[in-house]
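Any read-out appearing in this document is the output of simple, stated calculations on the displayed coordinates, not a laboratory observation. Quick caveat: nothing in here was measured; it's all calculated off a predicted structure. A quick note on method: Cβ atoms are made from the backbone with ideal geometry, for glycine too, and the neighbour counts reach across all protein chains shown.
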Amino acid sequence: MAMDYIFGYGSLISSESRARTGESGRGIPVRVTGLRREWNHISTSSPMIAVSVVEDNESTCNGMVFSIPDGEILNFDEREKGYSRVNILLENVEILDNSQFFDGICAKMNIPWKLM
């Protein structure tokens, strides 16, 4: 079965929160170089400020990478309206336990450019 991978750095870290959106695998704790977490995203669905990440080569951001079955990405895109999905280079991802995963990681980010 084909899988996509998502980097969660806010509410997507919680398996209970992810389960309300769709099917997902076990979260793998990671640190991503080149990202900084900020409370700066204005939600389109409620009057609140939400967490997002911005590119910052001097920073790192802890979070979880988790797999989702092919086709589930649309459910997560709907949940994360207002964010942009961009690729993260695997070389920027440090796994914080002994887990392994494959290339093709996606991230939900509120930044106006793509990470390359």
Dipole check, the range 3-109, charges on Cβ (K,R +1; D,E -1), about Cα centroid: among VAL30, LEU12, SER59 the Cα furthest to the positive pole belongs to LEU12
Treating only Lys and Arg (+1) and Asp and Glu (-1) as charged, each at its beta carbon, one finds that the range 3-109 has a dipole about its Cα centre, in Debye to the nearest 20, of 340
